[in-house]
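Here's the structure we're looking at; comments come further down.
The values are calculated or read from the model by the stated rules, or taken from the named source; none is laboratory data. As the structure is a prediction and not an experimental result, all values here were calculated from the model. Cβ placement follows ideal geometry from the backbone for every residue including glycine, while neighbour counts extend to all protein chains displayed. Quick note on the areas: whole protein, heavy atoms, side chains included, nothing else; ligands and nucleic acids left out. Shrake-Rupley method; radii C 1.70, N 1.55, O 1.52, S 1.80 Å.
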Amino acid sequence: MVSIFVLYSLILASPFPLYIASRPLENFALEEFKYADASIRDEIPCSEYAGVIALGGVIPNADFNARTGVQLTSGAERVTEPVRLLQICPDFKLVWSSFGKSIDEGKGESELARELWVSLGVPKSKIIVENGSTNTRENAIETLEILGSEKRWLLVSSAAHLKRAYATFSKVGLKVDPIPVDYMFVERPAIWSIAPLSSVPGWQGIIHEYVGGIYYSLRDWI
């Protein structure tokens, strides 16, 4: 039992097994969609898209304090990349899909995202907020109700989440092309490296995506 515990701890603490487990998720968009490649993203044909849909989960609204301002977690690129894409394609609309106008008597993430985008120079007329969803399936359904299914959109989310998100949005009838951000790895870590502070939370995210993918498949949501 001790040996099993030590082995299990070493696996969780090592970024290399996590890197291997994350490849099918994080490489999905890069292998399937041209403009998932950030090095050529400035060449996106603006006329082919109506704008950008960004998925929430990166603004901890429960901790919001007006005096300290909006805080962002490690997936901050979900907020900033749509603004950069708007600079490339000025006619774009930016859509933030997340939960609640108000949560626990405070501002919901979607409303905080709206305020943050405005503070970054995005005109209010360019912003569409979907604030009735609590998971990826609901993100897709609620966003479809607002946008309809006629136009094509860019879908921004963390690279590890995009495979399930893309399949979910496509399943409900939205036309989207994925734009991955917030990669867990930019290069392969050494086999012998140990980084428990980053690896353990990383495993939580990867396991969540694999289990979520199985569950969504069983429910016929993807």
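Could you say whether any residue in the range 1-9 is at pLDDT 90 or above and surrounded by fewer than 18 Cβ atoms within 10 Å (Cβ to Cβ)? Give the derivation first.
We begin by selecting, within the range 1-9, every residue at pLDDT 90 or above; these are none.
No; the residues of the range 1-9 include none that is at pLDDT 90 or above and surrounded by fewer than 18 Cβ atoms within 10 Å (Cβ to Cβ).
Looking at the range 116-131, I want the residues that are more than 14 Å from residue 95 (Cβ to Cβ) and have a partner that is part of a loop (DSSP other than H, G, I, E, B) and open to solvent by 30 Å² or more (accessible area, probe 1.4 Å) with Cβ atoms under 8 Å, at least 6 apart or on another chain. Which pairs are those?
Every condition considered, the pairs that remain are 116/70.
Test each condition in (1) touching a Phe, Trp or Tyr at 6+ places or on another chain (Cβ under 6 Å); (2) without any contact (Cβ under 8 Å) to a residue 24 or more places away in the chain; (3) aliphatic (A, V, I, L, M) for residue 186 and report the one that comes out false.
Failing condition for residue 186: (1).
So that you can scan it fast, the table gives a plain yes or no per residue for (1) under 23 Å from residue 76 (Cβ atoms); (2) part of a helix (DSSP H, G or I); (3) hydrophobic (A, V, I, L, M, F, W, C):
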| position | (1), (2), (3) |
| --- | --- |
| 163 | yes, yes, no |
| 188 | no, no, no |
| 200 | yes, yes, yes |
| 205 | yes, yes, no |
| 211 | no, yes, yes |
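Residue by residue through the range 199-211, note down the ones that are under 12 Å from residue 22 (Cβ atoms) and modelled with pLDDT under 80.
199
Does residue 91 meet the test of being in contact with a helix residue (DSSP H, G or I) (Cβ under 7 Å, 6 or more places away or on another chain), outside any helix (DSSP H, G or I), free of Cβ contacts under 8 Å to residues at least 60 places away in the same chain and surrounded by fewer than 22 Cβ atoms within 10 Å (Cβ to Cβ)?
On the way: in contact with a helix residue (DSSP H, G or I) (Cβ under 7 Å, 6 or more places away or on another chain): yes; outside any helix (DSSP H, G or I): yes; free of Cβ contacts under 8 Å to residues at least 60 places away in the same chain: yes; surrounded by fewer than 22 Cβ atoms within 10 Å (Cβ to Cβ): yes.
Yes.
Considering 148, 173, which residue is free of Cβ contacts under 8 Å to residues at least 24 places away in the same chain, over 13 Å from the mean Cα position of the chain (by Cα) and open to solvent by less than 40 Å² (accessible area, probe 1.4 Å)?
Being free of Cβ contacts under 8 Å to residues at least 24 places away in the same chain, over 13 Å from the mean Cα position of the chain (by Cα) and open to solvent by less than 40 Å² (accessible area, probe 1.4 Å) holds for just one of 148, 173, which is 148.
Taking the condition of being open to solvent by less than 10 Å² (accessible area, probe 1.4 Å) and either modelled with pLDDT of 95 or more or of a type in the set (Val, Ile, Thr) (or both), how many residues in the range 111-135 meet it?
2
Given the structure, is residue 29 modelled with pLDDT of 90 or more and surrounded by 15 or more Cβ atoms within 10 Å (Cβ to Cβ)?
Working: modelled with pLDDT of 90 or more: yes; surrounded by 15 or more Cβ atoms within 10 Å (Cβ to Cβ): yes.
Spelling it out, residue 29 is indeed modelled with pLDDT of 90 or more and surrounded by 15 or more Cβ atoms within 10 Å (Cβ to Cβ).
If you scan the range 113-141, which residues turn out to be part of a helix (DSSP H, G or I) and not basic (Lys, Arg)?
Once the filter is applied, which keeps residues that are part of a helix (DSSP H, G or I) and not basic (Lys, Arg), the range 113-141 yields 113, 115, 116, 117, 118, 119, 125, 136, 138, 139, 140, 141.
Surrounded by fewer than 20 Cβ atoms within 10 Å (Cβ to Cβ), among the acidic types (Asp, Glu) and not in a loop (DSSP other than H, G, I, E, B): is that true of residue 81 in this structure?
So residue 81 fails the test.
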